[in-house]
Structure formats: structure tokens, C-alpha cells
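Novice: Below is one structure. I have some questions about it.
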Amino acid sequence: MSLPREVSLTEGEDGKIKLLQQPASEIKGLINKEFINSTVQLSHVEKILCLQPDAPFSLTFKMKTDDLSRVAFSFYNSGTTNGCNLVIDKEAGEITFDREKMKMSHFHKDFPAKTSAPFDTEKVYLKIEAIVDRGSVEIFINDGEQTLTNLVLPEGESFSISGASNNGELEVDCKGHSFISIWK
């Protein structure tokens, strides 16, 4: 899936023109119910943030860039299957989506993959929006300055979303809501 998007141009602080991509505004009309709205403290110990909704959903993470070192968020985790990871590495200035360990990653030699995008480590905050459905995870970094789109093939049911930070305590604002189905 590639989510319908609105594309715009803006002038950056450096005077250069930047392309921004955002989920189409009509997506907001599909918001159903909130499943998380809290500030969580992450540490080096992986912490379950919430159960992953069965329906498609949007989940936004916001954190201070100064507090970052390396942090990982995991989707499609269960007691018996590995999920996929979203890894933020400030030193590298990179955000990576890793689906290499998902159980179904063996179906084709090119499926196990990591995709990466740079992010601006000089900004005060880093904001990441993940839009997730049963077959894809789409990542919008800093309001669409960078995006990542990945096919996923999860197996099982009853998944959770978790996070961990390797630089001690990291405060992350988490806000998520599910979407109503457009299939009737």
C-alpha cells in the first residue's frame, strides 16, 4: 500500500526548497478511536507501550532531539513471532525500518530488508508518524520531510507495540488512534 499523499514545497531554514509529503487530509475523516495518548519513559529495557490495534492505525512519537542517542520501536510483536523495528540513530542521523526478522521474511530473497532515511538532528524535536495496516507501515518523519514505505507480512494475532532507548531515560509523547475501515 502507498497511502494517498498531499505533496507540497516549502522553503527550509537554509533557504533551499524542500518537498514535503503528508497523508491526504481525507485520512483524518477515518479516525475512529484513540488507543494511546500518554508520555512514556523509555530505558534500555524494552517496554510494551500498548496493544497493537487490529484495525489500521496511526501512531505518532515525539521526543526531544537532544535527549536522543538510539531508540527502537517495534510493531507486530507477539509471544511467538518477531516483528519489525523502527530504529532512530542520532549519531548516524538516520531512521531505519527493519523487517529482516519478521517470520514471513523468508518468502523471497529480497524481502528481508532495511530501509533508511536521514533526519535533521539539529531540530529541537523529532516527530515520527507511523501509519500501519495489515500489509504496510508508512513512516512520516518531521511532518513529511522524509518518508519510508514498507511492505510487511505479519503472522499471528494479538500484537503489541514496544520501545527501548539505549541512552538511559528518554521521554516520548505517544498518541495513536485507529481508523474505520473503508471496505464495507
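The values are calculated or read from the model by the stated rules, or taken from the named source; none is laboratory data. Values in this document were obtained by computation on a predicted structure and should not be read as measured data. Cβ placement follows ideal geometry from the backbone for every residue including glycine, while neighbour counts extend to all protein chains displayed. Note: areas computed on protein heavy atoms with side chains; ligands, DNA, RNA excluded. Shrake-Rupley method; radii C 1.70, N 1.55, O 1.52, S 1.80 Å.
Novice: So which pairs qualify, if the first residue must be in the stretch 9-20 and free of Cβ contacts under 8 Å to residues at least 24 places away in the same chain, the second must be of a type in the set (Val, Ile, Thr) and open to solvent by less than 100 Å² (accessible area, probe 1.4 Å), the Cβ gap must be under 7 Å, and the two must be at least 6 apart or on different chains?
Specialist: Filtered contacts from the stretch 9-20: Leu19/Val7.
Residues checked against (1) farther than 22 Å from Glu122 by Cβ; (2) open to solvent by 70 Å² or more (accessible area, probe 1.4 Å); (3) out of contact with any strand residue (DSSP E or B) (no Cβ under 8 Å at 6 or more places or on another chain):
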| position | (1), (2), (3) |
| --- | --- |
| Lys64 | no, yes, no |
| Ile88 | no, no, no |
| Glu91 | no, yes, no |
| Lys109 | yes, yes, yes |
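Novice: Can you find a residue that is in a loop (DSSP other than H, G, I, E, B), open to solvent by 10 Å² or more (accessible area, probe 1.4 Å) and at positive phi anywhere in the stretch 162-180?
Specialist: So far as the stretch 162-180 goes, yes, one or more of its residues are in a loop (DSSP other than H, G, I, E, B), open to solvent by 10 Å² or more (accessible area, probe 1.4 Å) and at positive phi.
Novice: If you take the residues of the stretch 21-39 that are modelled with pLDDT under 95 and among the aliphatic types (A, V, I, L, M), which of them is least open to solvent (accessible area, probe 1.4 Å)?
Specialist: This residue is Ala24.
Novice: Can you tell me which residue within the stretch 118-135, out of those that are more than 17 Å from Thr60 (Cβ to Cβ) and of a type outside the set (Val, Ile, Thr), is most open to solvent (accessible area, probe 1.4 Å)?
Specialist: Here the residue is Glu122.
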